[in-house]
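Below: the structure, in structure tokens.
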Amino acid sequence: MIVRESAAVSSAVATVRSLQEASNRIGAAAELINRVEGQTRLLALNATIEAARAGEAGRGFAVVAGEVKTLAGEAAEPSDGIAHTVEGIRTATATAVGAIAAIELAINEIHRQVEGTATAAGSGQGGLSAMAELLKAEMDRFVRLG
């Protein structure tokens, strides 16, 4: 039975690690989106400046630069939400890893105690039956003395 629980703990650890790796990949993608968004905003700002320098001839270009800036802003909001969600997943994963480790320690301790009990209950001079016989003999001797 302990082996089954140990296998379940190992499986849970593997699952949590898999979730952790997936959240890391999602986090990396969100960071990439944030970098692209930042560069796009900078590009839009530069385009706006150049359009202003060009005067009347750059008016159409200024409209395009404004649209690029708006698009970059729209990309930032979901990206920030993803980054926040990924951080929550990372925190929950770390908590789950700690909980599973505590469960594993508890299972190992129970296993150790069960093995100790099984050893104590075994046959031979150190077994529980021998101890019970010794205790009974001592009790009989005590009763006879009293």
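The values are calculated or read from the model by the stated rules, or taken from the named source; none is laboratory data. This is a predicted model, so every value here is computed, not measured. Cβ sites come from the backbone with ideal geometry, for glycine too, and all protein chains shown count toward neighbours.
Among the residues making up region 31-65, those that are free of Cβ contacts under 8 Å to residues at least 40 places away in the same chain and either within 30 Å of T85 (Cβ to Cβ) or in contact with a Leu (Cβ under 9 Å, 6 or more places away or on another chain) (or both) are L32, R35, V36, G38, Q39, T40, R41, L42, L43, A44, L45, A65. Residue check: A132 meets all listed conditions (1) over 30 Å from A8 (Cα atoms); (2) modelled with pLDDT of 80 or more but one, namely (2).
Looking across I103, I89, one residue alone is more than 10 Å from the chain's Cα centre (by Cα) and in a helix (DSSP H, G or I). It is I103.
Let's see how each residue does on (1) over 30 Å from R90 (Cβ atoms); (2) among the hydrophobic types (A, V, I, L, M, F, W, C); (3) over 31 Å from the mean Cα position of the chain (by Cα):
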| position | (1), (2), (3) |
| --- | --- |
| R35 | no, no, no |
| N46 | yes, no, yes |
| A52 | yes, yes, yes |
| R59 | yes, no, yes |
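Does region 61-79 include one or more residues that are surrounded by 14 or more Cβ atoms within 10 Å (Cβ to Cβ), of a type outside the set (D, E, K, R) and within 18 Å of R25 (Cβ to Cβ)? Within region 61-79, one or more residues are surrounded by 14 or more Cβ atoms within 10 Å (Cβ to Cβ), of a type outside the set (D, E, K, R) and within 18 Å of R25 (Cβ to Cβ).
Scan region 27-34 and tell me whether some residue there is in a helix (DSSP H, G or I) and closer than 30 Å to I103 by Cα. Looking for residues that are in a helix (DSSP H, G or I) and closer than 30 Å to I103 by Cα, one finds at least one in region 27-34, hence yes.
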